[in-house]
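Down below is the structure, laid out as structure tokens.
Just so it is clear, none of the values below were taken in a lab; they were calculated from the coordinates. Model, not experiment: these values are computed from the prediction. Methodologically, a virtual Cβ is constructed for each residue, glycine included, from the backbone with ideal geometry; neighbour enumeration extends over all protein chains shown.
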Amino acid sequence: MPNLQDSSKTPAPRSELPDAQGRFGRFGGRFVPETLMPAIHELEAAYAAAKVDPTFQAELDQLLQDYVGRQTPLYEAKRLSAHYGGARIFLKREDLAHTGSHKINNALGQALLARRMGKMRIVAETGAGQHGVATATACALLGMECVVCMGEVDIERQALNVTRMKLLGASVKPVSCGARTLKDAVSDAMRYWVTNLADTHYIIGSVVGPHPYPAMARDFQAVIGRETRAQIVEKTGKLPDVLLACVGGGSNAMGMFHPFIDEPGVRKIGVEAGGLGLDSGKHSACLGAGHDGVLHGALIRLLQDAWGQVLEAHSIAAGLDYPGTGPEHCHFQAAGLAEYASVTDQEALEAFKLLSRLEGIIPALESSHALAHLKHVAPRMPQDSIIVVCLSGRGDKDGSQTAALIEE
């Protein structure tokens, strides 16, 4: 195991992160068993080569345009803006990407990389089902075998996405250990990967896990921020004042934030799941209430007890129900490069209803956390200022959970 003390070294310039050891400041790294290191090194070398290969990037760009439907729209939510009476609010419509969320950007990129490595079987984890559906879709497109690990609790609350994965030809592997949610699905997918390294690639769905996963997922998701930057300048003639995105593992937020990393005048706010409140102990606010520790191969901020045992996370949004946050977000917080807040389940539900009724857009419960934080930001800003919210996914998957709200 790497020495935790190594993490105190002076961090590399942010434009060069992660460093050669996969560190973002003191966070990140490769805390994995020796049996996994050859596969990690193989993946790192394959991604480094693909990243600078014009043929790989051209195929990915073509599929993002013609198959995924990029670029996704940047929509000005005028009724929502009027409701808050402050800044102009724009929504980056990742919910309109093929499969209904930003997850397809990363899943498609990693599936192409796996095919390039000669690994035609894919294992993935999923919480809300969006990453599972995206991975199953990419595998169907490329003729690959797909196994998706999913906690039994999430299988029940995201039944629609389970059906979609099976229709796409994936095998959904129920996970019955632990809290039977996202953390346990990640652990099970890693176990599956370790026992099938020769012909299997693990597509991690967020900016978490051992190096090179956090950087690789960030790079595939950075298309969100690049498009946002060009679109908002075209529509308004200037950069946004605030970027807002929900944070569980943190892939949609990192994808939006990263192309603005050298713009200190653009506030970047990640919104975690406050669950029943930070004092309740039932939440997923790892940056707000977590501590340094190692989970799933990286040093990150995570929820732990006094003895260092990982605590169960809680969120109404299955995709945010994870006790850790990606290492680059941890570094952003420590270095003051981004701000992080949290909202409760109830606040997210209220935002879910508000956007549905004001704009005719039903957001995912994950995205609803970012929307809920608008009430703390938008009214205090001048009317010529600009907020862009990453609408990371659509909310039809959450229909069974929100049925009572719809009937009100």
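Take every Cα pair under 8 Å whose residues are at least 6 apart in sequence, average their separation, divide by the length of region 142-287, and the relative contact order is 16 percent.
The distance separating the Cα centre of region 205-249 from that of region 352-408 comes to 19 Å. Relative contact order of the chain, taken over Cα pairs closer than 8 Å and 6 or more residues apart, is 20 percent. Run through the DSSP bridge list for the chain and note the antiparallel percent, rounded to the nearest 5. About 30 percent, rounded to the nearest 5.
Taking the chain as a Gaussian network of alpha-carbon nodes connected by springs under 10 Å, the highest mean-square fluctuation of the residues Val343, Val153, Val162 belongs to Val153. When both region 34-49 and region 142-166 are represented by their alpha-carbon centers, they are found 27 Å apart. For region 23-150, the equivalent ellipsoid derived from the Cα gyration tensor has semi-axes of 32, 19, 16 Å, listed largest first.
Does region 121-214 classify as rounded, prolate or oblate by the C-alpha gyration tensor (a ≥ b ≥ c root eigenvalues; a/c under 1.5 gives rounded; else a/b over b/c gives prolate, otherwise oblate)? Taking the square roots of the gyration eigenvalues as a ≥ b ≥ c, region 121-214 is oblate.
Helix 345-359 axis versus longest C-alpha principal axis of the chain: approximately 60°, rounded to the nearest ten.
Against the longest principal axis of the chain, how steep is helix 182-194, in degrees 0 to 90 to the nearest 10, with axes from Cα atoms? So the inclination is approximately 30 degrees. Taking a point 7 angstrom from the Cα of Asp279 along the C-beta vector, which residues in region 312-354 have backbone N less than 18 Å away? Under 18 Å, as judged by backbone N against the label point of Asp279, lie 342-347 of region 312-354. Peptides 256-263, 95-102, 29-36, ordered by how many other C-beta atoms sit within 10 Å of their residues on average, highest first, read 95-102, 256-263, 29-36. To the nearest ten degrees, helix 130-142 and the longest principal axis of the Cα atoms of the chain are 60 degrees apart.
Could you tell me which of rounded, prolate or oblate describes the chain, using a ≥ b ≥ c as the square roots of the eigenvalues of the alpha-carbon gyration tensor, with rounded for a/c under 1.5 and, failing that, prolate when a/b is larger than b/c and oblate otherwise? The shape class here is rounded.
Rounded to whole numbers, the Karplus 3J(HN,Hα) couplings from phi for region 255-272 are x, 7, 6, 4, x, 10, 4, 9, 10, x, x, 9, 6, 10, 10, x, 10, 8 Hz, using 6.51 cos²θ - 1.76 cosθ + 1.60 with θ = phi - 60°, and x at Gly and Pro.
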